[in-house]
Amino acid sequence: MATNFDFLKSTDKNLYEIISDAEKLYRDEYFEQCMGQTRRFAENVCKNVLGNMRTTETTFDQMLATLKDKAQNSVQEKEFIEDLYFLKKCGNRSVHSSSVKKDAINAMECLQRAFEVAINYSVYHKKEDKKNLELHYDIELLATGKRDKTLAEKYQKAKTKAQEKEKTTKKQTKKTTTAKKSKPIKQQTTMKSCPKPKKITPYWIIVGIFSLISFCMIIFLLITK
């Protein structure tokens, strides 16, 4: 089952097993025990970081005090020590509590602080890949024990979805354009108007006059016979 602390497995297997157990306890809703386990994790980290600098220190408090004295006051060291103190405080309170509070919120914060401690420890003490600094605590992974898709897979999925949407839009646009083109165009029929009668030309006037004269002459000749 995957955990948020998988990057720690190759760095320090013992620490990995301690803190991965803390996530299992949280998943099973043993919140007080989870906080106690994160305290154990923090104490072991503190011990490892001190290394040869340890002399007479036997308790977590003593080791933290020595670690604080040896620190160079960098922002990274201050945050590291502050997280260790927080884990010690919450762990002590959960161990010595007279009742089970089911404090899921504080247990969650302990896991997140332990995550920051683990990253700090792996990068600055064990000199692991600095890409670990870009990691973020995944609450979904904590709850399900299953790692979500990687960023590359998410990007590819989003890209494929966008391409499919674009293809659908193009198809709809093409369909609309085709429908417009295939729509029958109304034919406008124009009725030809009847030709207007032509005006009487001078030629026909002259023909008419001579015809009339000829007709009159024929009548006259018939009468005079």
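The values are calculated or read from the model by the stated rules, or taken from the named source; none is laboratory data. Note that the structure is a prediction, hence the values are computed from the model and not measured. Here Cβ is always computed from backbone atoms with ideal geometry, including for glycine, and neighbour counts include all displayed protein chains. Just so you know, the surface numbers come from the protein's heavy atoms only, side chains and all, with ligands and any DNA or RNA stripped out. Shrake-Rupley method; radii C 1.70, N 1.55, O 1.52, S 1.80 Å.
When both segment 45-78 and segment 1-23 are represented by their alpha-carbon centers, they are found 22 Å apart. When peptides 213-221, 32-40 are sorted by average Cβ neighbour count within 10 Å, with the highest value leading, the order is 32-40, 213-221.
Largest first, the residues TYR121, TYR137, TYR85 sort by 1.4 Å accessible area into TYR85, TYR137, TYR121. Compared with the direct C-alpha span, the chain from TYR137 to LYS171 gains 8.0 nm at full extension, assuming 0.36 nm per residue. Treating r as the C-beta distance of ALA71 and ALA104 and R0 as 25 Å, the FRET efficiency rounds to 0.20. Checking the Cα-Cα distances for LYS78/LYS131; LYS130/LYS159; LYS9/LYS127; LYS68/LYS126; LYS89/LYS130; LYS70/LYS131 against a 24 Å cut-off, the pairs over it are LYS130/LYS159; LYS89/LYS130; LYS70/LYS131.
Computed extension length for GLU29-LYS161: 43.7 nm, one decimal, from 0.36 nm per residue of separation with the Cα-Cα distance subtracted. For segment 1-111, with all protein chains in place and a probe radius of 1.4 Å, 47% of the accessible heavy-atom surface sits on carbon or sulfur. The length gained by stretching the chain between ASP129 and ILE223 to full extension, at 0.36 nm per residue less their Cα-Cα distance, is 19.5 nm.
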